[in-house]
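J.: Before we start, here is the structure in question, set down as structure tokens.
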Amino acid sequence: MTSIDVQDFTKEYGTRRAVDHLSFRVLPGRVTGFLGPNGAGKSTTMRLVLGLDRPTSGSATIGGRAYATLHEPLHQVGALLDAQAAHGSRTGRDHLRTLAAGNRIPDRRVDELLEETGLASVARRRVRTYSLGMRQRLGIAGALLGDPEVVMLDEPSNGLDPEGIIWIRELLRRLAAEGRTILVSSHLMNETASFADHLVVLGRGRLLADTPMREFIHARVRPRVRIRTSDPTALKAVLARHGHDAEQHEDGHWTVHHARVDDIGRLMSSAGVPVLELAAVEGTLEQAYLDLTASEAEFAAHPSATQPQEA
Amino acid sequence: MSFAPVLRAEWLKIRTLRSLCGALLAVFAATTAFSAIAGVSETSDPEFDPLFMALSGVAPGQIAAISFGAMAVSSELHGGGLRLTFAAVPQRGRWFAAKVTAIAVPALLVGLLTAFVALVVARAGLGEAASGLTVEEQLRGVVGGGTYLMLMALFAAGLAALLRSGVATLSLLIPFILVVSFVIGDAAGTVTDFLPDRAGQVVLHQTYDGTLGPWSGLAVTALWTAAALLAGAWSVRRRDA
């Protein structure tokens, strides 16, 4: 089983603590969304896991081994840290070949990935002529070169067009379904909600949450019920009688806060209120995330301090 | 992880960058061009040294060699490129050794070819004036000149790794070679004889009378280069990518 284990990680830059006693595990077979505002330490953590930066204290292992001890690591771990890292003067294909060569990955695999990431037609063009979306695809191709068990992507949807976003979503789902360990950082909530099974949330270098996404949302966003009726007076009366807090919207529908659809449905039925529409309103990841960050006072004071290493 | 695939990757990186191939071509072009010009210049100077005259193109040519070495390293450094490299090859010492080899081998081969062609071209111009050169001296000039060009490329590569900047390396080395060594060099004290470029260029002379001979001079340059490479390797291994 190839999981990523981060144990008591701390990284200080001068006096600033970018990552603060962070511990979590990323398990295979699911997509783990890595959330947090800019400067929360997501990229720093990924670099520490890859052995690129030295931790001030703590350690990280992949499948029980430190990254630096891996033999031809691209076969085990693929990472996209920064789509701008490819040298602009090389062609996309040559860029991948230079990565592949050091890990004994044949050029055939390079061409396969260029095809898979939709870059085959521009493979022999210089990277500097690529759009941001094309560079992201090239970076993802680089991460998948060695058919790795563990994939770490830092903001992979950056600059992708709508087709690209759907493509990456399906790719991540497929990789997880194949039993791989997938860690994807993002600050786009709706995007993350579309592919993540599990969440690791950071704030100011500390772990704020490490839970399945559904649980994360349910724990933080109270359920609501959307209801539409032809008899608002009756509806209002019934809800008030049972102590429900309801809000009427301009288009005529009502939102009942902190209520479950089963309860409201039964209530309406027994009271004989004519119901035109009745639906449960699922909490969104965005709401849950904002709820979490609002409760972190530090965050509210510094919503997104710019951090150089996050660039 | 064995060395050969890493070396192959590093060689591929050099081959696939037009600027690096261009720098190697410039080593050849600048050296032979300046040697050719020297070949048709005045030869009546009493201090005239036909071997150094024929290989005088090495002095401008070394600028291109330095650029090659510095750029081969600095091409890794921009925009997180080094992270990409270390993610693929986490054994940093091995990576740096492969990088240095991938710089050294083409630099030496181009250097040897360059010095040989420069000598042939310049001799065609010098004619009788160069007839006093023995085969041994000419061989020393060519082997020494090629080795010198390689050592200067590696010296720059080591500095670029240490300073983490190709621009800083070039703005340090090029003025040093053009100005400091050139100007104070003629004031020929014993200390300046031990500067990396001064020491290594003794091998290009037919006659020499300083502290250093041709091979000991080259050895001094090699020591400078080794020091720069060790410092570069230390920086590569120690610092965050």
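J.: Using the Cα centre as the reference, give the magnitude of the dipole from point charges on the C-beta atoms of chain A (Lys, Arg: +1; Asp, Glu: -1; all else neutral), rounded to the nearest 20 debye.
T.: It comes to approximately 680 debye.
J.: Starting from the Kirkwood Rh over alpha-carbon pairs, what translational D in µm² s⁻¹ does the stretch A:105-261 have by Stokes-Einstein at 37 °C and 0.692 mPa s?
T.: For the chosen part, D equals 170 µm²/s.
J.: Which residues make up the longest stretch of chain A clear of trypsin sites (Lys or Arg not before Pro) that lie in a DSSP loop with no more than 15 other Cβ atoms within 10 Å, not counting the sites?
T.: A:126-259
J.: Here's a follow-up. I'd like the mean, over residues of B:235-241, of how many other protein chain beta carbons sit within 10 Å of each residue's own Cβ.
T.: Mean partner-chain Cβ count within 10 Å for B:235-241: 3.
J.: Distance from the Cα centre of the stretch A:218-296 to that of the stretch B:196-218, in angstrom?
T.: Cα centroid to Cα centroid, the span is 90 Å.
J.: So which lysines can A:Lys11 reach, going by Cα to Cα under 16 Å and dropping same-chain residues fewer than 8 places off?
T.: Qualifying lysines at Cα under 16 Å: A:Lys42.
J.: What dipole magnitude, in Debye to the nearest 20, does the protein assembly as shown give about its Cα centre under +1 on Lys/Arg Cβ and -1 on Asp/Glu Cβ?
T.: Charge dipole of the protein assembly as shown: 880 debye, to the nearest 20.
J.: So, one more: Express in whole angstrom the spacing between the alpha-carbon centres of the stretch A:101-147 and the stretch A:41-63.
T.: Spelled out, the Cα-based centre of one part sits 26 Å from the other.
J.: Toward the positive end of the charge dipole of the protein assembly as shown, about the Cα centre and with charges on Cβ (Lys, Arg +1; Asp, Glu -1), which of A:Pro55, B:Val191, A:Tyr67 goes farthest?
T.: A:Tyr67
J.: Follow-up question, since we're still on this one. When you look at the Cβ of every residue in B:69-78, what mean number of other chain Cβ atoms sits within 10 Å?
T.: Mean shielding by partner chains, rounded to a whole number: 1.
J.: Using a 10 Å Cβ count of at most 12 others and DSSP loop calls, identify the longest part of chain B lacking such GluC sites (Glu not before Pro).
T.: Within chain B, the longest run free of exposed GluC sites (Glu not before Pro) spans B:48-241.
J.: Follow-up question, since we're still on this one. Count charges around A:Pro148 for me, please; just the other residues with Cβ under 13 Å from its Cβ, Lys/Arg as +1, Asp/Glu as -1.
T.: -2
J.: Lys/Arg Cβ at +1, Asp/Glu Cβ at -1, dipole of the protein assembly as shown taken about the Cα centre: which of A:Trp254, B:Tyr208, A:Thr293 is farthest positive-ward?
T.: Result: A:Trp254.
J.: From Cα pairs below 8 angstrom and at least 6 apart in sequence, can you work out the relative contact order of chain B, rounded to a whole percent?
T.: It rounds to 25 percent for chain B.
J.: Relative contact order of chain A, please, whole-number percent, based on alpha carbon pairs below 8 angstrom and at least 6 residues apart.
T.: 22
J.: For chain A, state the semi-axes of the equivalent ellipsoid (square roots of 5 times the eigenvalues of the alpha-carbon gyration tensor), sorted largest first and rounded to whole angstrom.
T.: Three semi-axes, in Å: 44, 23, 17.
J.: From the residues B:Val89, B:Leu108, B:Ala129, which one has its Cα farthest along the dipole of the stretch B:40-156 in the positive direction, the dipole being from +1 and -1 charges on Cβ of Lys/Arg and Asp/Glu about the Cα centre?
T.: After comparing all options, I get B:Val89.
J.: How would you rank A:Met213, A:Met189, going from fewest to most other Cβ atoms within 10 Å of each one's own Cβ?
T.: Ordered from fewest to most neighbouring Cβ atoms within 10 Å, A:Met213, A:Met189 come out as A:Met189, A:Met213.
J.: Could you give the longest part of chain A that holds none of the GluC sites (Glu not before Pro) found in DSSP loops with at most 16 neighbouring Cβ atoms within 10 Å?
T.: A:1-177
J.: Let me ask you something else. Pick from A:Val256, A:Val127, A:Val275 the residue whose mean-square fluctuation is largest in a GNM of chain A, springs joining Cα atoms under 10 Å.
T.: Sorting by GNM fluctuation, first place goes to A:Val275.
J.: Using a Gaussian network model on chain A with a 10 Å cutoff between Cα atoms, which of A:Gly78, A:Gly133, A:Gly36 fluctuates the most?
T.: A:Gly133
Any read-out appearing in this document is the output of simple, stated calculations on the displayed coordinates, not a laboratory observation. As the structure is a computational prediction, the values presented were derived from the model and not from experiment. Note that we place each Cβ from the backbone using ideal geometry, even for glycine, and neighbour counts take in every protein chain shown.
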